Amino acid sequence: MKRIALISTGGTIEKTYDAASGGLANREAVLDVMLANLDLRGVRVSRIALMNKDSLDMTPDDHALIAATVHHALRDHDGVVVVHGTDRLTVSGEAVLARLLHEEALTKPVIFTGSMRPYELRDTDAPQNLTEALLAVQILAPGVYVAMQNQVLAFPGVTKDRAQGMFVRA
Ligand code: ASP
């Protein structure tokens, strides 16, 4: 059994419709619903619901907390998946890489993922991206990556191409 830590931080993937405001908001833990629908034989997933924020609202402390939580989770797991908003995903990715390199703890794979459209929407890319991340964490070499939209990119040097709505290498 591979032990995978799944850290959720929010982002579009976790946005749900808020009837009071008439908009999408980060309020509920939708990852548990997604996980319940996946066939994850051979892995044991530990859920760490760290925060539920649009990543545009994250502070430097939030990025540091994500890095510290990944570092801690790697001690008793075979890999870590971080679900994150795509706008500041690369900030957290670089923070995790810097921390793990500094602590000489880059011994396992860490995979960031998210989605361009909320899980709640019919044309969501969320299940595809989460599935890709959960597979990537089992087979990739130690490193920090983003896996979604049928591609895997290794940090450092990943950026979000807003025009194309995807991650690219700088
Ligand atoms: N603004 C959102 C965020 O970064 C966009 C996304 O999740 O893709 O949380």
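Please go through the range 1-35 and give me each residue that is more than 12 Å from residue 130 (Cβ to Cβ) and small (Gly, Ala, Ser), ordered by number.
Those that are more than 12 Å from residue 130 (Cβ to Cβ) and small (Gly, Ala, Ser): 5, 10, 19, 20, 21, 22, 23, 25, 29.
In the range 75-99, which residues are in contact (Cβ under 8 Å) with a residue 60 or more places away in the chain and over 14 Å from the mean Cα position of the chain (by Cα)? Can you show your working first?
Just the residues of the range 75-99 that are in contact (Cβ under 8 Å) with a residue 60 or more places away in the chain, to begin with: 76-87, 89-90, 92-94.
76, 77, 78 - these are the residues of the range 75-99 that are in contact (Cβ under 8 Å) with a residue 60 or more places away in the chain and over 14 Å from the mean Cα position of the chain (by Cα).
Sort through 23, 42, 10 and tell me the only one that's small (Gly, Ala, Ser), surrounded by fewer than 13 Cβ atoms within 10 Å (Cβ to Cβ) and within 14 Å of the ligand (Cβ to nearest atom). Spell out the reasoning first.
Numbers: 42 fails: within 14 Å of the ligand (Cβ to nearest atom); 10 fails: surrounded by fewer than 13 Cβ atoms within 10 Å (Cβ to Cβ).
Of 23, 42, 10, the one residue that is small (Gly, Ala, Ser), surrounded by fewer than 13 Cβ atoms within 10 Å (Cβ to Cβ) and within 14 Å of the ligand (Cβ to nearest atom) is 23.
Determine whether the range 75-87 contains at least one residue that is among the hydroxyl-bearing types (Ser, Thr, Tyr), in contact with an Asp or Glu (Cβ under 7 Å, 6 or more places away or on another chain) and within 16 Å of the ligand (Cβ to nearest atom).
Applying the first criterion (among the hydroxyl-bearing types (Ser, Thr, Tyr)) to the range 75-87 yields 86.
Of the ones still in play, those that are also in contact with an Asp or Glu (Cβ under 7 Å, 6 or more places away or on another chain) are none.
No: the range 75-87 contains no residue that is among the hydroxyl-bearing types (Ser, Thr, Tyr), in contact with an Asp or Glu (Cβ under 7 Å, 6 or more places away or on another chain) and within 16 Å of the ligand (Cβ to nearest atom).
Among the candidates 147, 133, 126, which residue alone is closer than 14 Å to residue 13 by Cβ and in contact (Cβ under 8 Å) with a residue 60 or more places away in the chain? Show your work before the answer.
Numbers: 147 fails: in contact (Cβ under 8 Å) with a residue 60 or more places away in the chain; 133 fails: in contact (Cβ under 8 Å) with a residue 60 or more places away in the chain.
Result of the check over 147, 133, 126: 126.
Read-outs throughout are calculated quantities, based only on the coordinates presented, and are distinct from any laboratory measurement. Quick caveat: nothing in here was measured; it's all calculated off a predicted structure. Using ideal geometry, Cβ is built from the backbone for each residue, glycine included, and neighbour counts are taken over all protein chains shown.
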